[in-house]
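Data block below; observations after.
What follows is calculated from the coordinates using simple rules that are stated; it is not laboratory data. Here the structure is a predicted model, which is why all the values come from computation and not from measurement. We place every Cβ from the backbone using ideal geometry, glycine too, and count neighbours over all the protein chains shown.
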């Protein structure tokens with residue numbers, strides 16, 4: 001969102017006809033539009049939620065940025081990017097502020113272990129109440145802090161997800177998989193996992209126009225070093241897609257080694273973009289399997305599309321990100337048979 | 001070394017004139033030659049010490065392979081490669097056998113933590129006895145198991161160093177650095193670290209002929225995924241060089257982000273190679289600083305060269321891998337001032 005001071009903060013990279021009166025409030029208005037159209041069960045803010053350097057008061061800026069979700073009583077989660085801490089709050093301070101806000105499902109960090117960064121946590125989505133799945137997490141959401149900038153003198157550029165975070169992620173995934181698959185009713189493959197963080201991984205550079213959906217209009221601004229989080233996700237075995245922010249005018253999803261690597265595309269108006277290329281939001285939709293006897297079971301598919309902040313709030317690039325059995329790990333059919 | 005059954009195991013890729021009578025015993029003879037010429041304080045075997053598939057008895061093969069070091073009473077360390085476990089011992093079994101052998105400084109794994117692989121350990125080299133450095137480790141050696149093959153269905157090829165190993169490595173490095181730098185006499189930069197494992201990192205592909213010393217005669221057979229160990233070494237801040245085996249006819253060292261990435265080049269005769277291109281061994285030489293008053297202090301430089309198994313046991317590609325102050329981390333001069 002790159003939110004700053006609200007009404008007094010001008011838009012960047014909009015058409016000449018849109019400049020007059022365009023402010024952070026356009027970002028706010030776009031949030032309300034998408035929320036009303038999609039009625040989401042969860043909102044995820046993928047970092048650079050505020051643009052700290054232009055925010056007079058980082059806490060107030062964050063409150064204003066997130067306000068529409070709270071106002072509409074939507075549960076929400078957030079990770080931090082590389083600009084959130086550039087104002088009156090440190091990275092730690094920004095994350096502490098976020099976890100104290102209303103309706104948030106975000107956490108500061110896991111308890112009892114030492115870990116790099118701020119805002120590494122996971123959320124479990126239970127199966128339907130009253131079914132055999134109601135004590136299982138049928139969908140796992142992982143949130144990680146991908147840092148801001150390198151602190152190693154010999155390495156320039158952006159930050160990265162550290163080994164300590166990867167071990168936490170893998171242990172969490174492994175324990176969730178064991179619970180899901182071993183306990184009654186036993187499941188044949190893990191519940192799908194979705195991962196959210198701010199800075200794209202170097203592996204986002206693996207795609208060409210022929211093997212992704214969406215556009216790539218700028219370079220992949222990943223860290224200049226590969227810290228191995230893609231490998232950790234692949235090893236974990238349950239991750240079906242990862243979602244990042246950071247690059248405003250890339251908005252693609254591409255699949256590598258069974259994992260969809262996705263951008264949303266830029267959302268905020270006080271952020272670089274491309275005049276005439278609408279601000280956008282990625283939407284995820286998760287479907288449950290229903291047995292012949294009518295009982296809801298685990299997740300069978302995950303779909304995505306983007307909403308554009310244009311006249312019709314256009315829906316574009318609809319696609320299936322994952323279907324049960326589609327990764328060939330356990331050779332199931334898309335219908336779960 | 002790719003050792004198999006000894007006298008009955010033929011050489012690979014030698015000149016027609018060398019084929020007759022060439023066996024694993026040529027590998028043994030080369031070990032003795034190098035040991036006599038260099039009189040090393042420590043020998044490091046960097047994996048594929050035996051070629052399990054051709055070894056009738058893996059334990060006996062390992063005993064025979066390492067025998068010259070034991071015979072000459074040289075302390076030695078080892079990591080395992082991707083071929084050691086192809087015989088009658090598992091990876092765990094091979095490492096357990098190694099740590100039970102005479103004169104070894106190898107360990108099975110760190111105590112008290114869960115870690116991937118077999119043979120992750122470190123060695124400390126104390127400063128000169130009777131000096132102010134005699135309770136400090138002035139040189140740190142790290143040994144890791146880089147695995148054998150991917151066990152993830154969607155990833156082909158070789159194994160990799162996992163996040164759990166990287167966290168152990170970073171914690172070990174961090175604790176060694178704290179001891180070295182904070183305790184009397186305080187030191188301005190960490191003691192140099194050297195890392196040994198079998199499979200090259202993807203970053204070994206970063207070099208062109210213009211920025212390495214040695215040769216690159218085949219592709220870099222790293223894992224097909226980047227698990228981030230290079231990033232972990234750079235983050236740690238004390239590592240000056242990493243040494244691998246695996247590719248027999250690459251023998252270069254190249255420097256990336258302050259770390260020398262080095263091959264030795266193939267040593268063993270029952271291993272692919274290049275006929276007419278001598279088998280070789282990398283030698284490391286570490287120099288201590290001496291103060292004006294004649295007291296030995298920490299390490300001031302690390303040099304390397306290779307010995308060829310030719311008529312004169314030729315020394316080639318001598319170079320300085322690291323000089324105190326040369327990485328610009330703390331802006332010291334090469335003389336330590």
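Below are the figures for this structure:
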item: Residue among B:16, B:110, B:202 with the largest mean-square fluctuation in a Gaussian network model of chain B, springs linking Cα atoms under 10 Å; result: B:16
item: Nm distances between copies for residue B:275, ranked from closest, using label points 7 Å along Cα→Cβ; result: 7.0
item: 10 Å Cβ neighbours from other chains, averaged over peptide A:202-213; result: 0
item: Relative contact order of segment A:254-332, defined on C-alpha pairs under 8 angstrom at six or more residues apart (%); result: 21
item: Stretch gain in nm, segment residue A:154-residue A:318, where the contour uses 0.36 nm per residue and the Cα spacing is subtracted; result: 54.9 nm
item: Distances in nm from residue B:124 to the matching label points in the other copies, shortest first (labels 7 Å along Cα to Cβ); result: 4.2
item: Contact order relative to length of segment A:6-323, as percent, for alpha carbon pairs under 8 angstrom and 6 or more apart; result: 15
item: Per the axis that maps chain B onto chain A, nearest residue of B (Cβ criterion) and its distance in Å; result: B:228, 1
item: Inter-probe distance in nm under a simple model that places probes 7 Å from Cα toward Cβ, at residue B:210 and residue B:108; result: 5.1
item: MRE, 222 nm, helices only [DSSP H, n ≥ 4, -39500 (n - 2.57), over chain A, to nearest 500]; result: -6500 deg cm²/dmol
item: Rel. contact order, % - alpha carbon contacts under 8 angstrom, at least six apart, segment A:129-246; result: 33
item: Burial ordering of B:39, A:309, A:57, fewest other beta-carbon atoms within 10 Å first; result: B:39, A:57, A:309
item: All-pairs alpha carbon distance profile, chain A, 10 Å steps from 0, percent; result: 6, 26, 35, 24, 8, 1, 0
item: Sorted by Cβ density within 10 Å, fewest first, the residues B:321, B:74, B:42; result: B:42, B:74, B:321
item: Ranking of B:312, A:2 by count of other Cβ atoms within 10 Å, fewest first; result: B:312, A:2
item: Per-residue mean of C-beta atoms belonging to partner chains within 10 Å, peptide B:147-155; result: 4
item: Hypothetical label at residue B:289: residues of segment B:217-247 whose amide nitrogen lies under 20 Å (7 Å Cα-Cβ projection); result: B:237-241
item: Shortest-first distances to equivalent copies, position residue B:211, nm, label 7 Å out along Cβ; result: 2.7
item: Anisotropy class of segment B:11-129 from Cα gyration tensor, a/c 1.5 cut; result: oblate
item: Relative packing of A:147-153, B:58-64, A:184-190, which averages over residues the other C-beta atoms within 10 Å, highest first; result: B:58-64, A:147-153, A:184-190
item: Shielding by other protein chains, B:163-172, mean Cβ within 10 Å; result: 5
